[in-house]
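Report on one structure; see the data block that follows.
A short reminder: the numbers here are calculations on the coordinates, not readings from a lab. In this text the structure is predicted, and so the values were computed from the model without any measurement. Cβ sites come from the backbone with ideal geometry, for glycine too, and all protein chains shown count toward neighbours.
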Amino acid sequence: MPIVNGSGETSNRHQLNKGVWTDTGAPADAPFNVIGKRMPLKDAFRKVTGEGVYADDMKFPGMLHCRILHATKPHAKIISIDTSKALALPGVRAVVTGDDAENRFGVLPVSQDELAMAREKVIYNGEPVAAVAADTEEIAAEAIWLIDVQYEPLEEFLRPRSSLKDVEPGLQLHEKVDKKHPKTNIHKAVDQEFGDVEAAFKAAASTPNAEFKFDGISHGFTEPHSVVAHWDADDRLQLYTPQQVPHYTHRALAKVLNLPMHQIQVIRTMVGGGFGGKSDPFQHEMIVALLSMRTRRPVKVTMDREETFLTGRGRHPTESKVAMAFDKEGKLLALDSDVIIDGGAYGSFGVVSAYYNGVLSNGPYRIPAFRYHGKRVYSNRIPSGAMRGHGSVNPRYCTETLVDMAAVELGIDPCELRLRNFLESNTLTPFHKFRITSNGIREGLAEAMKRSDWKNKYGKLPYGHGIGVGCAWYISGSALPIHWNKLPQSTVHLKIDMDGGITVHSLAADIGQGSDTMLAQCVAEVLGVNMDRIHVKSTTTDTAPIDLGSYSSRVTFMAGNAARAAAEEIRHRLTDAAARLTGQRGEYFDFVEEELVCRSKPDVRVGFMEALHEAQADIGALIASGSYQSPPLGSTFKGSNAGLSPSYSFSAFIAEVKVDPETGFVQPLKVWAAHDCGKALNPLSVEGQIEGSVHMGLGQALTEQLRYRNGQLLNSNLLDYKIPTPFDSPEIEAIIVESHDPEGPFGAKECGEGALAPVIPAIGNAIYDAVGVRMFEVPMTPDRILKAIEKKQREEAK
Amino acid sequence: MSKHLLNLKVNGRDIEVAVESYHTLAQVLRNELNLTGTKVGCDMGTCGCCTVHIDGKAKLSCLTLALECQGAQVRTIEGLNENSMHPLQRAFAECGGSQCGYCTPGFIMKSCELLEKNPDPTRDEIKAALAGNLCRCTGFMKIYDAVESAARGMRSDAPARTPVKAGD
């Protein structure tokens, strides 16, 4: 299997799966045109020059500025809201409250539990309560403090366990809760059991088990939330928003505003980082829309950093009790986990989170017996949601730690024990029938072991210096869309006119991960043309066909396939035109370097432009549409759809750390990060995704945590919420493993999320190798590590 | 509230602008002068997105009151791109040093100050210079690559690479 080294050169060009390129007969070993090349992002020059336009950079004639008033109580009845003083302030044009929008919304059709602004009660400290549009930001900021809100406090649910109990209906945060627990604040409970778990534990030689605790974390994107709405003179709403999923915002706006979808245009601005934190439809999007409809003026809101933290949707705080069973050869027999995840105030993606926390533990190892009890609860804390590696990251820390504990107990090298349990390629998982196609995890782990000199380091480094391993897998897009309908998950349109420019229309959101570049590469590859012919328009719902957007690591796989399909339709027409021009009917033409070359007579060739103009005869611009829909997959039991994907990525990471036993401070030295992404369409971007994932995982591992007191977020700024700086960050060696997926575009799978989860256990296991303590609380802060070291010393002294 | 007249040079141009005493340089650059390449990520000096040069020194424009810049020479990301792209801008694009791009102008301005003082920095010197800038996308590796690549290019005055074409 090819391993791409640091310079991005593929050391083995052999293609494992024939026919991955096009269905028109290109040989499997054909050299790629632009696929696999290190490509700067198509919008990079706009970003490095400051030309790129983000939402807060936008200005419109007559634009008003909005500020939002947030709740100051975690759980309270709203007795009254008096906006009269705010409205009387000169320069204030409109004030809105929850009474102005009664329709509930939410990203999942099953959890429509958000309001544009709170009505009757507030359910977290920070929830939007009212908003002002004024001539200047200063006036708006002054006005919101003139709004008088009277609260009557209610019992607060600030610990996830307190949400499990039965309460009076008035104390339920939402009307709709889990059907099996109708009087509680449990949002969604998932219970699954397959195989004989009890028997497996009885027969086991090693049964590592532990209780784990994870603090909540935030996406920490650098661009604060910012949106502009304009209810224009044609009675249409134009919403400019840095959205990962413009389509879901489009749907939610229509519902909240009681408008047909076509009366709304959502325009994605440049997105200054998302990581899942810009994938829900948001209250502030609804609020500026309401204010613009009221004033008929453009209205902008730009949140400060504290408000951005309070908007939330980060990784769920989690409490897990997990046990695994192994036989004496280290063969995995069973996994049993009981998990409570704190959803905070809203549903968000939480039903999915409740499933993912369990079912995504069915890889990268074969689990012959599986039990999972998961509860996602509502609480009076900031809403949790989807964050990079959604639902898979915290449970992955648990299982990878327990696998390591078993390895130590059984006297087997932790890497060797993992190699004994990996899923194979081209297989199904036992119960959920997750379909594994290509799988490069063995090659990845072997390469990471080799490069890190694992065999000479593991267990052999001096006290305070250690090395650890962590493995993971992740979906390449959810096979089942959130909205159950017959529409494809991705559609891409192409338009080519006589100027020779190729316009790609898509609603896949480029959020900095480089999806525009990926779409351009897929099209350029099929048509054998230069990248600078391709112009990607992926911002605007009026012109772009629906795509379900940038989450669940779906874009390369799904939108990439749709782009390829559209380009192939154009290719057929250009082939016909070339055949007409040359009299070579029925011959195969290769598309190489802007020429169409007759395969059987290589001297017969037609320039791309000549073929294009011939193909355009009588019809004008060439237009094509391509789409992608997942094949039918999975099992038939209720809830079996969660975790299904047309393909899965795999990763194997090794981390080396130093731990100061006097202070508990961890210095990560190096991370070897092997990630199987199928074919690396753009190795520069793939490395960037892996390195970024390592950095973000490292933050969760060591320093990042959302801290609360009485329901108030204490560290809602980038000084106290500690994202690793250059000094905290290790050297990262991204190792691209190319396994060539049979269904991914040109063999590609995901690389943006799966590479996060293995970092945290690799660090945790390295800490164990360094100082002999197991960390069951994440982040592994110096005080926690010190406490663990002291506990161990006390126990040893006894 | 009365406005004050502020005179300064921005990217080589003489500017006269009326500002409130509480306006920051970042606000004046973005809102009054339409130089929106300077980004505001935290507005409290913790992320480095708003870094500009004031009299040749990299400073946080969100923590600098506009009126402190009376008579000063200010250079922003737009000022690096007057006639042709600065080698750092090119290198950040080509080395993958910019993903979402929001922190990029700040990183480039800070790196530019470094290379003007130290044309051949070690990786540790680059890290030290950039320690006050936050990037959430890249894990910093490709940013270091970009600074090193630009430094090499500026030392040798090597012609800039051109974007990848078909068949390269």
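Observations on the structure shown:
- Applying 0.36 nm per residue to the separation of A:Arg296 and A:Ala797 and subtracting their alpha-carbon distance, the gain on full extension is 172.9 nm.
- Amide H to amide H distances under 5 Å link A:His535 with A:Ile502, A:Thr503, A:Val504, where only residues 5 or more positions off or on other chains count and H is placed in the peptide plane.
- Stretch gain in nm, segment A:Arg420-A:His613, where the contour uses 0.36 nm per residue and the Cα spacing is subtracted: 63.6 nm
- Applying 1/(1 + (r/R0)^6) with R0 = 25 Å to the Cβ-Cβ distance of A:Ser80 and A:Leu714 gives a FRET efficiency near 0.30.
- Scalar couplings 3J(HN,Hα) for the range A:735-745, obtained by applying the Karplus form with A = 6.51, B = -1.76, C = 1.60 to θ = phi - 60°, are 10, 8, 9, 9, 9, 6, 5, x, 10, x, x Hz; x denotes Gly and Pro.
- Rounded to the nearest 0.05, the FRET efficiency derived from the C-beta distance between A:Glu138 and A:Lys638 at R0 = 45 Å is 0.25.
- Put simply, the amide H of A:Ile735, placed in the peptide plane, has neighbours under 5 Å in A:Ala673, A:Ala674, A:His675, leaving out anything fewer than 5 places away on its chain.
- Summarising the amide proton neighbourhood of A:Tyr151: residues at separation of 5 or more, or on other chains, whose placed amide H is nearer than 5 Å comprise A:Ile79.
- Set of aspartates and glutamates near A:Lys638 by C-alpha distance (under 16 Å), chain-local residues within fewer than 8 positions excluded: A:Asp178, A:Asp191, A:Glu193
- Counting only lysines at least 8 places from A:Lys455 when in the same chain, those with an alpha carbon closer than 22 Å to its own are A:Lys328, A:Lys331, A:Lys658, A:Lys670.
- Estimated FRET transfer efficiency when R0 is 41 angstrom, pair A:Thr427-A:Lys176 (beta carbons, to 0.05): 0.60
- Distance in nm between pseudo-label sites at A:Asn209 and A:Ala88 (7 Å out along the Cβ direction from Cα): 6.6 nm
- Beta bridges by DSSP in chain A, antiparallel share as percent, to the nearest 5: 75 percent
- By DSSP, the beta bridges lying fully in the range A:324-474 are antiparallel in about 45 percent of cases.
- Each label point was placed 7 Å from the Cα along the Cα-to-Cβ direction; for A:Lys321 and B:Arg13 their separation is 6.7 nm.
- Potential lengthening between B:Thr122 and B:Asp55 on full extension [0.36 nm per residue; Cα-Cα distance subtracted]: 21.6 nm
- Whichever aspartates and glutamates have a C-alpha closer than 17 Å to that of B:Lys9, once near sequence neighbours (fewer than 8 apart) are set aside: B:Glu32, B:Asp55, B:Glu68, B:Glu78, B:Glu82
- Net charge of Cβ neighbours under 9 Å - reference A:Tyr54; Lys, Arg +1; Asp, Glu -1: -2
- Sequentially through the range A:711-718, phi angles give Karplus couplings (6.51, -1.76, 1.60; θ = phi - 60°) of x, 9, 5, 8, 10, 8, 8, 7 Hz, Gly and Pro residues having no value and appearing as x.
- Percent antiparallel among DSSP beta bridges (both partners in the range A:276-371, rounded to 5): 80 percent
- Longest to shortest principal axis, alpha-carbon extents of the range A:132-239, angstrom: 72, 36, 30
- Spin-label model, A:Lys486/A:Glu593: points 7 Å from Cα along the beta carbon direction are separated by 4.8 nm.
- Among the chymotrypsin sites (Phe, Trp or Tyr not before Pro) found in the range A:423-480, those both in a DSSP coil and sparsely packed, with 15 or fewer other Cβ atoms within 10 Å of their Cβ, are A:Tyr463.
- Rounded to whole numbers, the Karplus 3J(HN,Hα) couplings from phi for the range B:90-96 are 4, 5, 4, 5, 7, 8, x Hz, using 6.51 cos²θ - 1.76 cosθ + 1.60 with θ = phi - 60°, and x at Gly and Pro.
- Remark: the Cα gyration tensor places the protein assembly as shown in the rounded category, a/c being less than 1.5.
- Of the GluC sites (Glu not before Pro) in the range B:75-149, the ones in a loop by DSSP (not H, G, I, E or B) with at most 13 other beta carbons within 10 Å are B:Glu82.
- Too-long pairs where the Cα-Cα distance tops 30 Å, listed order kept, from A:Lys300/B:Lys57; A:Lys85/A:Lys176; A:Lys37/A:Lys537: A:Lys300/B:Lys57; A:Lys85/A:Lys176
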